[in-house]
Amino acid sequence: MKKNDVDYAKFVMDGLDIMVPEPRCELEHRTPFELLVAVILSAQCTDKRVNQVTQELFKTHNTPKDFAQIPLQELEEKIHSCGFYHNKAKAIKSASQDILNRFHGEVPDNFDDLLTLAGVGRKTANVVMAVAFGGDALAVDTHVARVSNRLGLVKTSEPLKIELELCKIFPKNKWSKLHYQMVLFGRYTCKAMKPDCENCVFNRTCPSSRI
């Protein structure tokens with residue numbers, strides 16, 4: 001079985017439908033802007049930790065104006081436990097100022113404009129497009145990278161190459177769903193250190209199976 005043919009792509013999609021039938025973003029948010037802030041905070045940090053931080057943060061600061069005006073040091077203190085708080089605080093403030101100055105206070109709803117925001121890369125833009133605006137996007141994080149390599153879909157660790165290859169393999173209207181299926185599958189089953197191969201539907205065909 002070739003790992004990049006149509007049959008294998010369908011096999012993977014069917015398997016993920018069994019393993020993760022109702023995928024969803026686990027970052028808690030109420031608006032596209034809150035999602036943007038949460039995704040920036042999630043870099044090299046767990047969603048659980050981000051949700052703990054934003055639960056308090058969003059009580060007092062939840063708009064671009066709020067974050068543009070908050071003193072940098074105060075913001076750093078509020079997000080300190082998410083790690084890399086210096087860079088994340090600068091990115092959030094800069095993105096907030098961009099949104100106010102160039103997009104009338106609203107998070108842009110297209111990929112190219114999102115990429116122009118300070119601190120926003122392809123992964124963040126893809127997540128916002130898919131989750132906040134219902135677009136077709138396939139973000140690549142550590143879970144997606146790990147799962148796609150273990151299943152033999154790709155053979156590279158470079159996020160952009162993974163994204164482009166997966167977008168070739170899978171139908172466009174499945175990208176957003178597949179992203180979160182792979183994220184949750186990687187988070188709870190195909191874990192980095194101790195993958196639960198015994199309870200995985202791919203355990204007889206996965207090139208990386210430990211069974």
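Could we say that ASP98 is out of contact with any helix residue (DSSP H, G or I) (no Cβ under 8 Å at 6 or more places or on another chain) and outside the structural domain of GLU163 (by TED's automatic domain parsing) here? Judged against the criteria, ASP98 is a match. Scanning segment 170-211 for residues that are free of Cβ contacts under 8 Å to residues at least 60 places away in the same chain and hydroxyl-bearing (Ser, Thr, Tyr), we see that the one that is nearest to ALA9 (Cα to Cα) is SER176.
In contact with a Ser or Thr (Cβ under 9 Å, 6 or more places away or on another chain) and either of a type in the set (Phe, Trp, Tyr) or part of a helix (DSSP H, G or I) (or both): does that describe LEU27?
No.
A count restricted to segment 167-211 and to residues that are touching a Phe, Trp or Tyr at 6+ places or on another chain (Cβ under 8 Å) and assigned to a helix (DSSP H, G or I) stands at 2. May I ask you to verify whether LYS191 is assigned by TED's automatic domain parsing to the domain that holds ASP17, modelled with pLDDT of 95 or more, closer than 22 Å to ASP5 by Cα and out of contact with any helix residue (DSSP H, G or I) (no Cβ under 7 Å at 6 or more places or on another chain)? No: the conditions fail for LYS191. The set of residues in segment 150-164 being of a type outside the set (Lys, Arg) and either without any contact (Cβ under 8 Å) to a residue 24 or more places away in the chain or outside any helix (DSSP H, G or I) (or both) consists of LEU151, GLY152, LEU153, VAL154, THR156, SER157, GLU158, ILE162, LEU164. Picking from residues in segment 114-155 that are over 15 Å from the mean Cα position of the chain (by Cα) and surrounded by 16 or more Cβ atoms within 10 Å (Cβ to Cβ), the one that is farthest from PRO207 (Cα to Cα) is LEU117.
In segment 88-102, the residue that is surrounded by the most Cβ atoms within 10 Å (Cβ to Cβ) out of those that are within 19 Å of ILE70 (Cβ to Cβ) and without any contact (Cβ under 8 Å) to a residue 24 or more places away in the chain is ALA89. Among the residues of segment 65-81, the ones that are out of contact with any helix residue (DSSP H, G or I) (no Cβ under 7 Å at 6 or more places or on another chain), under 17 Å from LEU100 (Cβ atoms), of a type outside the set (S, T, N, Q) and assigned to a helix (DSSP H, G or I) come to 1 in all.
The values are calculated or read from the model by the stated rules, or taken from the named source; none is laboratory data. Quick caveat, the model's predicted, so the values are computed rather than measured. Neighbour counts run over all protein chains shown; Cβ positions are idealised from the backbone, glycine included.
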